[in-house]
Amino acid sequence: MSASLTSELAGRIAVVTGASSGIGEQVAQALARRGAAVALLARREDRLTAICADIEARGERAVPFSVDVTDSAAVDDVARRVRETLGPAGIVVNNAGIMLPTPLGDPEPKDWADQTALNVGAVNYTVLAFGGQLVEAAAAHGVADLVNIASIAGKTLFPGYSAYAASKSYVIHLGRSLRAELGPKQVRVTTVEPGIVDTELQSHIPSEESRERLAGTRTRIEWLTPEDVADAVTYTVCLPPRVNLAEIAILPTRQPA
Ligand SMILES: NC(=O)c1ccc[n+]([C@@H]2O[C@H](COP(=O)([O-])OP(=O)(O)OC[C@H]3O[C@@H](n4cnc5c(N)ncnc54)[C@H](OP(=O)(O)O)[C@@H]3O)[C@@H](O)[C@H]2O)c1
């Protein structure tokens, strides 16, 4: 680790949405290893409980909160319980998301709606529910972090995945605007834009043909691991309070865009 990075996150409270698998699970693990107390949010309670038990077995702090983050009242309730249980959140990783193809001519209105509800709606609800805690934590600790997990799809053309790509463009621009608003309050805002990462994400695609097309890229591209993305998130939240890494595009070396 560079000498310019703070060595640990002791005393900081982290919230990770979509922490039951993939990138969110690894981010929760990595932040806990650096000393943060971590609240893990997702719907699958059994997975959250097992991951928290694993973290706590190392002597670190992790608390599961089973919640559907597309339910704004439920997110507000979890934010209140996180504050009561751990204290005001000083790191919020807005990660829960889904990726479904939405080719025109093969209409699946539910897939459009589901992606908007989670990738846009739940991102908003999480910012709204935890924004006040971030400002409070920044005042107490000198810095706080909002990390939004977007996708490189929000910046490039992704034919057949318009709803997904547009939802991630929303996250990218939301992050830019929020950074301008929250920076003066010492809350850093970071947008992470991964290329293809080996997680459960692709397995939720209903069409076998679409799943196979994505899987076929493995013959020419070594996909990122969720740990690779977790390392980038950990790096940014460990930087000195004066440094805000605003956007991180993290791609497999052989993925063009
Ligand atoms: N994998 C990639 O190639 C890739 C590339 C770029 C960006 N990303 C982004 O990275 C983020 C994480 O994805 P991943 O790849 O790690 O996929 P993943 O393993 O499928 O993780 C998605 C997470 O979101 C949670 N989730 C889904 N719906 C939810 C809901 N309604 N309420 C609460 N939690 C919900 C899931 O948990 P439950 O099912 O337990 O609720 C799971 O923990 C997403 O925003 C995705 O768009 C991924």
Packing-wise, with mean Cβ within 10 Å as the measure, how do 15-26, 242-253 rank, highest first? 15-26, 242-253
Nearest 10 degrees is fine. How inclined is helix 22-33 to the longest principal axis of the chain, computing both from alpha carbons? 20 degrees
Work out the charge dipole of region 166-219 with +1 on the Cβ of Lys and Arg and -1 on the Cβ of Asp and Glu about the Cα centre, then indicate which of Ile172, Val187, Ser203 is farthest towards its positive end. Val187
Listed with the fewest Cβ neighbours within 10 Å leading, Phe130, Phe65 appear as Phe65, Phe130
Using each residue's phi in region 177-182, evaluate 6.51 cos²θ - 1.76 cosθ + 1.60 at θ = phi - 60° and report the 3J(HN,Hα) Karplus result to the nearest Hz, with x for Gly and Pro. 5, 5, 4, 5, 7, 8
So for the chain: antiparallel DSSP bridges make up what percent, rounded to the nearest 5? 0 percent
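Could you tell me the ratio Rg/Rh of region 29-142? Both radii from Cα atoms, Rh via Kirkwood.
Values: Rg = 16.0 Å, Rh = 15.4 Å.
When Rh is taken as the Kirkwood radius, the ratio is 1.04.
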Kindly write out, for region 161-167 in residue order, the coupling ³J(HN,Hα) from the Karplus curve 6.51 cos²θ - 1.76 cosθ + 1.60 (θ = phi - 60°), rounded to whole Hz, with x marking Gly and Pro. 10, 4, 5, 5, 4, 5, 4
Nearest 10, in degrees from 0 to 90: the angle of helix 123-141 to the longest Cα principal axis of the chain is 30 degrees
Cα long-axis angle, helix 226-237 against the chain (0 to 90 degrees, to the nearest 10): 40 degrees
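The numbers here are math on the coordinates, done by the rules we state, and not lab data. Since we're looking at a predicted model, the values are computed, not measured. Every residue, glycine as well, gets a Cβ built from its backbone with ideal geometry; the counts of neighbours run over all protein chains shown.
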